[in-house]
Structure formats: C-alpha cells, structure tokens
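See structure below.
The values are calculated or read from the model by the stated rules, or taken from the named source; none is laboratory data. Computed from a predicted model, the values in this text were never measured in an experiment. Positions of Cβ are backbone-derived with ideal geometry, glycine not excepted, and every protein chain shown enters the neighbour counts.
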Amino acid sequence: MDRRRFLGELGRTGAALLGISAAAVARHDRHGTSARPGQPEAGLVHLHSFRAPGTDSGPQLAIAHGADPARMVATALGMLGGIERFVRPGDVVLLKPNAAFDRPAALGATTRPETLLAVATHCRRAGAAQLLIAENPINHPEGCFARTGIQAVAAACGARLVWPRPNAFTRAHIGGEVLSTWPVFSEPLQRADKVIGIAPCKDHNLCSVSLCMKNWYGLLGGRRNQLHQQIHRAIADLAQMIQPTLVFLDGTRLLVRNGPTGGSLADVAAGDTLVAGTDMVAVDAVGCELLGRDPGRLEYLQRATTRGLGNARWRESSWREEWAG
Amino acid sequence: MRITVTRIICQSFFVGLAVFLAAVTQFGYLRGYPVSLFLQLDPLVALATAATTHRVYRGLIWALAIIAPGLLLGRFFCGWICPFGALQQFVAWLGGGGRRTAERIRRNLPRPQFATKYYLLAGMAGAALVGSLQVGLLDPLCTLFRSFTLAVLPLADSASGHLHVRPHVQQSAWLVGALLFFVLSLSLAFPRHFCRAWCPLGALLGLLARFSLWRIHRDPDACVHCDLCVANCQGAADPHARLRKAECFLCMECVQRCPHGALSLRFLPEPDGEVTYPQADGRRAALAALAGLLLAGWTRRSAHVDDPRPALIRPPGALAESAFLERCIKCEQCVRVCPTNVLQPALSEAGLEGLWTPVLKMRVGYCELNCTLCGQVCPTGAIAPLSVAQKLGTGPYAEQGPVRTGTAFYDRGRCLPWAMDTPCVVCEEVCPTSPKAIYTRREQTVNRRGEPVWLQRPYVDPDRCIGCGICQHECPVKDRAAIRVTAIGETRSPGSGLLLR
C-alpha cells in the first residue's frame, strides 16, 4: 500500500468520524429539555394598541339612524370628526367583519357587505396604503367568505382577504383573566397599523348578545370553543386583547332570536341604526338596548367596565345621534 | 409527425385534463366544469350501473362516445385516452423499461395470467346481478380519481397549504396511496401490467374489440420475424404472430417500429391473421361470475342493509342503502368536492361491500347547511342532485321537510353542563336550523361545595335535528364528543325513521 492511498483512506474515515461526532455533540440535548411535555411559551406575540393618537378625547360615540348603510357610515364618521381622525395616509388598515357562518348576510348572522364596503371606501379616501379583511370563521372559510359577500367587497375595494391558514396563527400574550396566552390570527394583526371592527347586532344563545367585543373571537385560533365555559370573562378579555382604532356596530338589521346563527328571515328585524365609536364597551351597550336587553344586567359589559376597558354607561360619554339623509 | 408522437401528445392531453378536472373539483373553482366527465365516459361504469339499476343515469350516456368508436377500433381508449394507462406507461418509461431490445421483447410478450381481467370482470358482473356494484374497486378511472382524492391531493394540500384554507385529511389515504404505488411500480417490471392483467374496463373493451373493423394487419410475405414489433407493444398483443384483437391498444408502436413495413392499420383485414376473441376460458369465467354472485349475496345478507347502522351516515341526497350500493362506484368525487372534509371513504362502516363509499365523519367535518355539492358531482346518482330548497325543505319542499342524515344524541356523562356543572352549549350556538334543534333549559343544581348554580343544559329536538353534525364537530370534548350523530332518523330510507310522523 502506498503512502498516498494510506493517508487518503485514513483521512476520509477520520473526517467522517469527526464530522458525525461534531454534529452529534453540537445538537446534544444533555438535560433532555427538548422533550418536555406541554406547550412552549417562547415566541409569544405581543399586540400593541391600535388606537389613533388623540382620539381619547373628543367625540366618542355616534349613533346614526336611517336605511342606507353607506350614508349612515358617512354620517357616523362625520359625527366622530371624520375618518382622517383615525386613519392616516400610508396606514395598513385591518377590517374585521363578522363572517363566521356560511350564510347570506340577509339572515343577519354576519356583517352586511354594504357596511363593510362603505367603511373600506372611507379608509381608502383617507389614504390607507393597504386594506386587509380578516376573519377566522366557525364554518368553512371558503364558503363563509363567498356566501356572506365579503369576498366581493374585497374585490370591489381592492382589499386583501387574509385566509385563516394554519400558519397564520401565533400564540400571543393577552394577559386576561381566562385568556392569558392564546393562539391569535397574527398575520393580519402584525401587519396592521389600525384595526376597525364592523360587527352585526345579534342575539346569542349563551351570552345574550354578540356585538363588537364578541366579534374579536374571530381573531382567535386554537380550541376557542372552550371559552364558553367562562364566556363573560373571556369576552371581557377580548376587549383587553384588541384595543381597536374604531368599531362599527351594524344595527341596520337585528338578529333578534335564534342567535348567533339565525337561519330564517323571520329571526331578523329592521334596526335602522348604526353605532360607531372608539369605546367598544359603550358601543355594545347601545347595541344591547337596540336588542331590547339591559346593558346593566349583561355580565361581560359590567366586567369590562369594572376592569376599565370601557364604559357601559354610554350616556356618560360624549355621544351624538343623527338621522342620515 | 410520427403517429406514436401524436398518440403521446393525445395521452398527455387527457392526463392533463384529468389532473385539471380533479384540481377544480372544489368549492370556489367548480364554475360548471364537467368535473365527472371521465367517469361519465367510462363504459364500464355505464354498463355496470345499467346492470344494477336497469337505467343509464344522466351523463353516463356519454359512455357511447367511447363504446361507439370502440366497436370500430377496438381498445383505442386504452392506448390513446385512458389517463391511468398513460401514467403506467410513463412509469415504465421512467424505469427504462428494459434497455436491451431482447429484454423489452420478453416483457411485452403475452402471458396466460393476462386473462385474469376477464375473470375479474365476470366476477363483478355476477355481483352486479344481485345489485352489488363493485367495478369501482378496479376500474382505472375510479382508481385514478380515488387515488387523486384520497392519496395525492391531501399530501399536496399539507405540503403547499394552498388547496384548502383548512387542510383536508382522508382516513384511508395510506391504503389507497399504497395501492397506487404498488400498481404503478408493477409497470417497472412489466409495462402496463395493471392494464394487461387486472383492468376490468380493459376486459370489457377487449370483449367489444371482437367487433372492430379497423385493426393491425401483418403482411406475412414482408415479415422477416425480427420481432422488433413486440419490443414496444403496450398491450402484449403479439403482433409478430397472430394479433390478439382483444389485447391491442392501437398504440401503433409496432407499425412505427417495423423496419420492413410489414405492419399496417387496415380496414377489414383477412381474419386468419388474428385471434378474434379474448384468450380466456369460458368455464373459468362462469365460475368467476358465480363466485362474484355468491360473495356479493353473502356480504349483502351479513350487512343488514335495511337496518340503520349508527356509524353509517350517508351524505344528504344519498339513496336508501341498497339502491345506494347499486350506484356508488367509489370514485370519491363527493369526497373530493366536500368543502368541510366531513365526507370520508368508508373502511368498515358500510360493511365489506361498501368499502370506500362515502360516509360522514363528524369529528373531521360537518355537513354545511347550504351545500349540496356532493350530489351535484356524483356521476351515477348514488347521491341525488338536490337543490338547497330541497335539502332544507323550504319553498315547494316545505311539505316533505328537510333531508335528514341522522339525529344527534347527548352523552350526558361527557357533557360539561350535564356532568361537570360547567357552562358550555357550543352545540346550541352552532346549530344551524331555525328554530335551533338544540335548545337549553335553565336548571338549578348544587355543586360539590354545596353552592347553588344555574346552568343551561342542552337538549335535542328530534323534530328539528337534521343530523348535520356541526354540534359534534364543534363540541369541546374533542376526542369523543358529548353529542354525537347516528344514522337513526335519516330520511333516505323508510326503515330508519325515529319519530312517528
């Protein structure tokens, strides 16, 4: 055997031995920490407040009456000082409708596309750079987005629909009483500068009414149906999780019974009202009255008020009421 | 252009068409494409369902578009159209197919076991006599679309994340995937082995080929017996001796290959140069038919098709079980199109006879109230095409009421408000009917610490429940839900009623 071949063979074997050993040592989990059961708490997302600067004072709550959602949105925004107060040129705005169920908006279980489109148009006019529309529905997303009409709205106003794909969710720090950390629909939330909720005004089988606060349920992932075990605390936590720029409560149609799904036109009544505001607890209190329920007896509104997340005694805030056209 | 190149282009087109149609068989992409076209063109599907139901259902009449030219040209479908055959041929080419000419000739000679497909066809015909439709187990188009739906697309879905927003899973993906892998890999050893030895559609077309007017003719004076014609022969049809009409795919490889121009496609050539009938034994075929008849009879008797079985929940619009089994070809088009993934191929739920027929698995999905897509794509009418009004029992259908797939029942030992003094009623929240089939009663109870608590405890109104299963799907008791749907109360068969109506 010549020296050249001898050294060559020895070198290759040695290099293989060294390489494998180095890789094993480098990845060695000496204390077995990688195999602990339970959920990793690392990589938590923190959600910042989406409130527009300077909107803590001034008009807080606007109630517009009428029949045409577009006019009512314009009137409500006028009472609040215009969309420019909330959306700056260049903002990425996340619009969160309720499109939880695969059924037409006429059944009152989801946000009316006309209202969503009107809000989107105002945001565009204020110079928003991009509009996102996001929802993690109960029913299958493709059907919900098509049948509720929000897909058509996105196409009409050039907004991007954010689909709730599995990789769009990240565990976030919420710090609530029930929701300490929870997987949230982080993809749109992390891209957005401003968040605007547009919720329908609905009866709810467990928590009496489903309005703007409950609407943020559609930004949760994970096993969110466990939240029903502590529903009022959980809804108050939702108000803590998202501090929106603005919320709209679409009371042009009211789902008065068989909520939150409805299913029959007989469950829907005309409400002729649209409420907008920066304090979603106050807005929800108005919605509660629209549905003929007493906000003073609705546990989640009271909890949210006690925790300082808003004020269910909406008449104490600076509010205005007008007829739209 | 060489005719074999033309053929490869033609085959590629049909493979592409099949992939396209499988891809668009999905909510949001359907747009009225004829997504079940291949299954409607399939003469075996048309003939077998005609045998079990005595009718040619709707689009199955298109099978004439394959049968008529098949009577003129023989098994041209196998060589030019069948996408499953083309795939096997492609695999054989990928594997080299035997690089030496002598080796290729050896692989493409006829073998006695190639008669197996005729016995399988006879067995399936025997089963069809007692109303059991089993052609889908081996039919190449059913196999192809089943493999797409159950094995290929779920993998593509989870790998790309862009097929469904919430990726779909299929409960027997492994089995169907393994069978597809096995069939395709057979082609590495013997090109198109499935087509030659197993395919019941090939067998049927082989029987029809007896009537074909155009066929390959060998001029014995020009032939020098070099056997090169056999080297690429796809059907193993023996063109260098007496051509077996029933095995020839009209792939034209022999004509192309012959260095002496001894082979040609002719109109009515002399019959003494060919084998007119399939080389299968009549008595064996009769035995196979008897075996199929007996087996189907036994499985039908042992399955009690007239009694509702709890886990056998069929899609809305499905016919009564025995009529359903007369029509379902296990093509999985309904499973493919189902937007919520609730439709799954049965393994044991429907007995041996109902392998791979669609059943609802509420832990995977739920039946969407306003959706009737499964019936729209079903090529054979095993699931009738319902309108939404028909499914919901509204408008002109108010008198007959909604289509029910089963009834939901509470398992009070697992239900949070019933067993654990804990509020919940997600089931009531998601119940889609109006008024809701699930309702609650406010009840007071005393908890473990002796404190009085008020709870909303849920009940099912069987008069309202349609068996959609969204309650079961959304129940937070995730592993085995506290409310579960079983088939009792389904409207498709009179023997499955629950309430006296």
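Pairs meeting the criteria (first residue in the range A:156-172 and within 14 Å of chain B (Cβ to nearest Cβ) and over 17 Å from B:LEU163 (Cβ atoms), second residue of a type in the set (Phe, Trp, Tyr) and assigned to a strand (DSSP E or B), beta carbons under 7 Å, at least 6 apart or on different chains) are lacking.
Out of the residues in the range B:462-500 that are assigned to a loop (DSSP other than H, G, I, E, B) and loosely packed, with under 14 Cβ neighbours inside 10 Å, which is farthest from the chain's Cα centre (by Cα)? Top of the filtered list is B:LEU500. Where residues in the range B:1-35 are free of Cβ contacts under 8 Å to residues at least 24 places away in the same chain and touching a helix residue (DSSP H, G or I) at 6+ places or on another chain (Cβ under 7 Å), which of them is farthest from B:GLY79 (Cα to Cα)? Once the filter is applied, the top-ranked residue is B:GLY28.
Here A:CYS288 meets each of (1) farther than 29 Å from A:ARG51 by Cβ; (2) more than 14 Å from chain B (Cβ to nearest Cβ) with one exception, condition (1). Checking every residue in the range B:351-364 against the condition of being within 14 Å of chain A (Cβ to nearest Cβ), surrounded by fewer than 24 Cβ atoms within 10 Å (Cβ to Cβ) and within 24 Å of B:GLY32 (Cβ to Cβ) gives zero matches.
Can you name the condition, by its number, that A:LEU117 falls short on among (1) crowded, with 24+ Cβ neighbours inside 10 Å; (2) assigned to a helix (DSSP H, G or I); (3) touching a residue at least 40 places away in the same chain (Cβ under 8 Å); (4) away from every other protein chain (no Cβ under 14 Å)? Every condition holds for A:LEU117 apart from (1).
Quick one: in the range B:155-173, of everything that is under 12 Å from B:PRO345 (Cβ atoms) and of a type in the set (Gly, Ala, Ser), which residue is nearest to the other protein chains (Cβ to nearest Cβ)? The qualifying residue nearest to the other protein chains (Cβ to nearest Cβ) is B:ALA173.
This table checks each residue for (1) charged (D, E, K, R); (2) surrounded by 18 or more Cβ atoms within 10 Å (Cβ to Cβ).
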position	(1), (2)
A:LEU61	no, yes
A:ALA64	no, yes
A:VAL73	no, yes
A:GLU84	yes, no
A:ASN98	no, yes
A:THR111	no, yes
A:ALA129	no, no
A:ARG147	yes, yes
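Taking the condition in a helix (DSSP H, G or I), surrounded by 15 or more Cβ atoms within 10 Å (Cβ to Cβ) and either outside the structural domain of B:ILE81 (by TED's automatic domain parsing) or not aromatic (Phe, Trp, Tyr) (or both), does B:ALA323 pass? In short, yes. Given A:PHE50, A:PHE101, A:PHE86, which one is closer than 30 Å to A:SER180 by Cα, aromatic (Phe, Trp, Tyr) and in contact with a helix residue (DSSP H, G or I) (Cβ under 8 Å, 6 or more places away or on another chain)? After applying the criteria, what remains is A:PHE101. Reported count of residues in the range B:414-438, each being basic (Lys, Arg) and more than 10 Å from every other protein chain (Cβ to nearest Cβ), is 1. Taking the criterion of being modelled with pLDDT under 95, out of contact with any Ser or Thr (no Cβ under 9 Å at 6 or more places or on another chain) and not acidic (Asp, Glu), the residues of the range B:445-474 that qualify are B:THR445, B:VAL446, B:ASN447, B:ARG448, B:ARG449, B:GLY450. Candidates are the residues of the range B:439-461 that are assigned to a strand (DSSP E or B), within 13 Å of chain A (Cβ to nearest Cβ) and without any contact (Cβ under 8 Å) to a residue 40 or more places away in the chain; the one that is farthest from B:ASN370 (Cα to Cα) is B:VAL453.
Residue count for the range B:242-274, restricted to those that are assigned to a loop (DSSP other than H, G, I, E, B) and either within 33 Å of the chain's Cα centre (by Cα) or surrounded by fewer than 18 Cβ atoms within 10 Å (Cβ to Cβ) (or both): 11. Can you find even one residue in the range A:272-289 that is surrounded by fewer than 18 Cβ atoms within 10 Å (Cβ to Cβ), more than 30 Å from A:ALA168 (Cα to Cα), in contact with a strand residue (DSSP E or B) (Cβ under 9 Å, 6 or more places away or on another chain) and of a type outside the set (Lys, Arg)? Yes, that holds for at least one residue. Take B:THR143 and decide whether it is in contact with a Leu (Cβ under 8 Å, 6 or more places away or on another chain), away from every other protein chain (no Cβ under 14 Å) and free of Cβ contacts under 8 Å to residues at least 60 places away in the same chain. Yes. Taking the listed residues B:ALA115, B:ALA159, the one that is free of Cβ contacts under 8 Å to residues at least 40 places away in the same chain and either surrounded by fewer than 24 Cβ atoms within 10 Å (Cβ to Cβ) or not assigned by TED's automatic domain parsing to the domain that holds B:CYS251 (or both) is B:ALA159, with no other qualifying. Note on the range B:1-57: residues that are within 30 Å of B:LEU293 (Cα to Cα) and not in a helix (DSSP H, G or I) amount to 6. So is B:GLU368 part of a helix (DSSP H, G or I) and within 11 Å of chain A (Cβ to nearest Cβ) or not? No: the conditions fail for B:GLU368. Regarding A:GLU142, is this residue within 14 Å of chain B (Cβ to nearest Cβ) and acidic (Asp, Glu)? It is true that A:GLU142 is within 14 Å of chain B (Cβ to nearest Cβ) and acidic (Asp, Glu). If you go through the range B:162-191 and keep only what is without any contact (Cβ under 8 Å) to a residue 12 or more places away in the chain, assigned to a loop (DSSP other than H, G, I, E, B) and hydrophobic (A, V, I, L, M, F, W, C), you end up with just B:VAL165. When the range A:3-39 is filtered for residues that are within 30 Å of A:SER180 (Cβ to Cβ) and either modelled with pLDDT of 95 or more or outside any loop (DSSP other than H, G, I, E, B) (or both), the ones remaining, listed by number, are A:THR33, A:SER34, A:ALA35. The number of residues in the range B:23-63 that are farther than 24 Å from A:GLN151 by Cβ, of a type outside the set (D, E, K, R) and surrounded by 15 or more Cβ atoms within 10 Å (Cβ to Cβ) comes to 23. Just one residue in the set B:SER434, B:SER348 is assigned to a loop (DSSP other than H, G, I, E, B) and either at pLDDT 95 or above or within 22 Å of B:VAL169 (Cα to Cα) (or both); that residue is B:SER348. Taking the range B:87-148 as the region of interest, the helices (runs of 4 or more DSSP H) fully inside it that hold 3 or more residues being basic (Lys, Arg) are B:101-107. From B:VAL169, B:VAL165, B:VAL230, grab the single residue that is touching an Asp or Glu at 6+ places or on another chain (Cβ under 9 Å) and within 22 Å of B:THR101 (Cα to Cα). Just a single option satisfies the conditions, and that option is B:VAL230.
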